[in-house]
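None of the figures in this text is laboratory data; all of them are computed from the coordinates on show. What you are looking at is a predicted structure, and each value in this text was computed from that prediction instead of being measured. Note: ideal-geometry Cβ built from the backbone for every residue, glycine included; neighbour counts use all protein chains shown.
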Amino acid sequence: MADFPGDSSMGSEALTPDEIERYRRHILLPEIGGSGQQKLKNARVLVIGAGGLGAPILQYLAAAGVGTLGIVDDDGVSLSNLQRQVIHDTGTIGEAKTQSAREAIARLNPHVRVMDFEERFSAEWAERNLRRFGLVIDGSDNFDTRYAAADAAETAKIPLVTGAVGRFDGSVTVVKPYETGVDGMLNPGYRDLFPEKPPEGLIPACAETGVIGALTGVIGTLMAMEAIKIITETGEPLIGRLMLYDALAARFDIIRYRRKADKPKAE
């Protein structure tokens, strides 16, 4: 795993006694321990979207002690968000989601530094800012952003955790196409799994079809777990594997996918 970039003000700071007590349940785990918790403190993670998926991602990564969280979102909090976007509340309706999320994170864990960007993620934004982070988590709700995030992360050689939800089902995978797997072959990229964006209007948004609120919590929490595994170098991330969750059937399935020999170049 590539080292997570840090700055001089955070990269070498040891855990404080307060942090040791706060993260004691992590430190007790042999797979994490003090060294893993230090990696979490030194990590710089960008979360795209502070909505249904972004909410649990941000909450659990903040609680876990990720030292720097970047949030990029250009939307504001509305009443209809609150059924699933649990980082926000009634009192923050009308605020920018980045501001509301930053305030919630400060209440949850004052040791976490938040970098908020009240704008839409794009290739241009990524070119200016992405290399300030060591991991990207895409919790966006549209295909343009998903493909832009995947292409930018691949170009920057930064791990990407990406997920999606729809009505009662969701999916999660991890993308590191610039590294080789145990078979000596390059890992697959996002476009190996989803080569092209679907035609406009083919897949309606949740505003049209609805989505069960707790589903975003399930998928977002799984995404946070994958991020923690990547940062602490623990376990086997979902590289080359797409995890599918059917909430109505209470069933998880795994689909394996590989790199295509004739993989098209990122647009």
When residues of the stretch 40-70 are filtered for being closer than 16 Å to residue 163 by Cβ and in contact with a strand residue (DSSP E or B) (Cβ under 8 Å, 6 or more places away or on another chain), how many remain?
12
In the stretch 24-39, how many residues are touching a residue at least 24 places away in the same chain (Cβ under 8 Å) and of a type in the set (D, E, K, R)?
2
Could you check the stretch 64-93 and list, in sequence order, the residues that are within 30 Å of residue 24 (Cβ to Cβ) and assigned to a helix (DSSP H, G or I)?
64
With the stretch 122-223 as the region, which helices (runs of 4 or more DSSP H) entirely inside it contain at least 2 residues that are over 18 Å from residue 258 (Cα atoms), hydroxyl-bearing (Ser, Thr, Tyr) and in contact (Cβ under 8 Å) with a residue 40 or more places away in the chain?
143-156
Can you run down the residue pairs with Cβ atoms below 7 Å, 6 or more apart or on separate chains, where the first is in the stretch 88-107 and closer than 16 Å to residue 118 by Cβ and the partner is assigned to a helix (DSSP H, G or I) and of a type in the set (Lys, Arg)?
88/97
Note: among 70, 65, just one is at positive phi, of a type outside the set (Lys, Arg) and in contact with a Leu (Cβ under 9 Å, 6 or more places away or on another chain), namely 65
Flag if residue 100 is in contact with a His (Cβ under 6 Å, 6 or more places away or on another chain), surrounded by 16 or more Cβ atoms within 10 Å (Cβ to Cβ) and either of a type in the set (Ser, Thr, Tyr) or at positive phi (or both)
yes
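This table checks each residue for (1) within 21 Å of residue 60 (Cα to Cα); (2) surrounded by fewer than 16 Cβ atoms within 10 Å (Cβ to Cβ); (3) in contact with a helix residue (DSSP H, G or I) (Cβ under 6 Å, 6 or more places away or on another chain).
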{"site": "80", "(1), (2), (3)": "no, yes, no"}
{"site": "87", "(1), (2), (3)": "yes, no, yes"}
{"site": "114", "(1), (2), (3)": "yes, no, yes"}
{"site": "129", "(1), (2), (3)": "no, no, no"}
{"site": "139", "(1), (2), (3)": "yes, no, yes"}
{"site": "144", "(1), (2), (3)": "no, yes, no"}
{"site": "150", "(1), (2), (3)": "no, no, yes"}
{"site": "162", "(1), (2), (3)": "yes, no, no"}
{"site": "170", "(1), (2), (3)": "yes, no, yes"}
